[in-house]
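Here's the structure, in structure tokens; my notes come after.
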Amino acid sequence: MTDTTKTTRKLKVQASFDDGDTRIISLDNPRSGLTEADITALNTLATPVLIGDKTGATFTGFIAARYSTVTEVTVDLS
Amino acid sequence: MNAQLKLTSTNTSGKSMTKTISDISPTATSAQYKALAQGLNSLTTNTYGRTDLVTTINVDTESTNKPAPTITIGEWTKVNGVYSADVTCDSDGAITASAGDANYAGIYVECYIKTTDAQSLAKKVFVTVGEIGHTYNVAITATETNNYDYKTVTKQLVWEG
């Protein structure tokens, strides 16, 4: 047996609320090459739906997004 | 009331997956939930599936708690060398009696405590053995059912023999 490698890629989008709180929404299998416009285009859709988790505050916009790639290597110990 | 949005989709390997988005307004419309779910999914390579709104109602457990019980220990009376005092207590849970220095050899506390209203007058605390001249702190502790609080009332007894 040889070592096995697993790579997981996620998109982490940061939502902001009017009580100053923020929250990360993590999405699996993100498309490559996403732009700021792709993310902020969802602001209008999120406004009536997302609320703050501490005070139920109003959503004010997506303020950041980043790709996260995690590579796990399972070492063959045989 | 907390709500969650559960988005079901299929990835490029054909595997179904569920994404839960917490802290969702419970007053948005179905069309608004669906639009956001589709919008978030458009950032991925997944195929849009279905969206479910899951609401959670939090049960207020504090309303089941009762206030701490009221306890009154009457005056000590001695009959045939045994001291006793009436106990008035409105607890519907456990009631115990103890002496503050119960590790003193010879001290013994009996407590006939009944928790039904019809037998409330039968509540008494007895102290049967003591050391002459010694002061004992006899305590009654009562706890209400479904209450995390308890109440303790202490009364001193000077053993006169």
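Bear in mind that the values in this text are calculations on the coordinates, not laboratory data. Values in this document were obtained by computation on a predicted structure and should not be read as measured data. Every residue, glycine as well, gets a Cβ built from its backbone with ideal geometry; the counts of neighbours run over all protein chains shown.
For B:K78, the lysines whose Cα falls under 25 Å of its own Cα, not counting residues fewer than eight places away in the same chain, are B:K114, B:K123, B:K124, B:K155. For the range A:1-60, the set of trypsin sites (Lys or Arg not before Pro) satisfying both a DSSP loop assignment and a count of at most 14 other C-beta atoms within 10 Å is given as A:R31, A:K54.
Taking a ≥ b ≥ c as the square roots of the Cα gyration tensor eigenvalues, with a/c under 1.5 meaning rounded and otherwise prolate when a/b beats b/c, else oblate, which class fits chain A? Mind showing how you got there, number by number?
On the way: a/c = 4.27, a/b = 2.29, b/c = 1.86.
Verdict is prolate for chain A.
With a cut-off of 12 Å between beta carbons, the residues surrounding A:G52 carry a summed charge of -3, where Lys and Arg count +1 and Asp and Glu -1.
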